[in-house]
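One structure is given here, and the rest of the page talks about it.
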Amino acid sequence: KYAHVCQAQRGSKPYYTSAMWWCGVVLMGIGELGNFAAYGFAPASLIAPLGCVSVIASAVISVFFLKETVRASDIVGK
């Protein structure tokens, strides 16, 4: 989202021309490959909760970097 916001501020070039967007896509791909490989080395009962930690960390990081607002329903969930 950060790459999309920066691209919108600069002009109307497509988002996929941004180096930041490509870095994000590559890093997400590497992370998913690491997650897939982790299932081969550790039991699923250990790896699956790490995915939950990743979602929570993304929510916290988005508040700082993307200036997202946090509502009570975001914290409690639905």
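The values are calculated or read from the model by the stated rules, or taken from the named source; none is laboratory data. Keep in mind the model is a prediction, meaning the values are calculated, not measured. Every residue, glycine among them, receives a Cβ derived from its backbone with ideal geometry; neighbour counts consider all protein chains shown. Each accessible area value is taken on the protein alone, full model and side chains, heavy atoms only, with ligands, DNA and RNA left out. Shrake-Rupley method; radii C 1.70, N 1.55, O 1.52, S 1.80 Å.
Observations, loosely collected:
- Among the conditions (1) surrounded by 12 or more Cβ atoms within 10 Å (Cβ to Cβ); (2) in contact (Cβ under 8 Å) with a residue 12 or more places away in the chain, Gly51 misses just one, which is (1).
- Considering residues of the stretch 1-36 that are among the polar types (S, T, N, Q) and either more than 21 Å from Lys67 (Cα to Cα) or within 12 Å of the chain's Cα centre (by Cα) (or both) only, the residue surrounded by the most Cβ atoms within 10 Å (Cβ to Cβ): Asn35
- Annotation: Ser62 fulfils all but one of (1) modelled with pLDDT under 80; (2) under 26 Å from Ile75 (Cβ atoms); the unmet one is (1).
- Residue among Phe65, Phe41 that alone is in contact (Cβ under 8 Å) with a residue 40 or more places away in the chain and open to solvent by 50 Å² or more (accessible area, probe 1.4 Å): Phe65
- Residue count for the stretch 20-46 under the criterion of being aliphatic (A, V, I, L, M) and modelled with pLDDT under 85: the result is 1.
- Scanning the stretch 17-36 for residues that are in a helix (DSSP H, G or I), in contact with a helix residue (DSSP H, G or I) (Cβ under 7 Å, 6 or more places away or on another chain), without any contact (Cβ under 8 Å) to a residue 12 or more places away in the chain and among the hydroxyl-bearing types (Ser, Thr, Tyr) turns up nothing.
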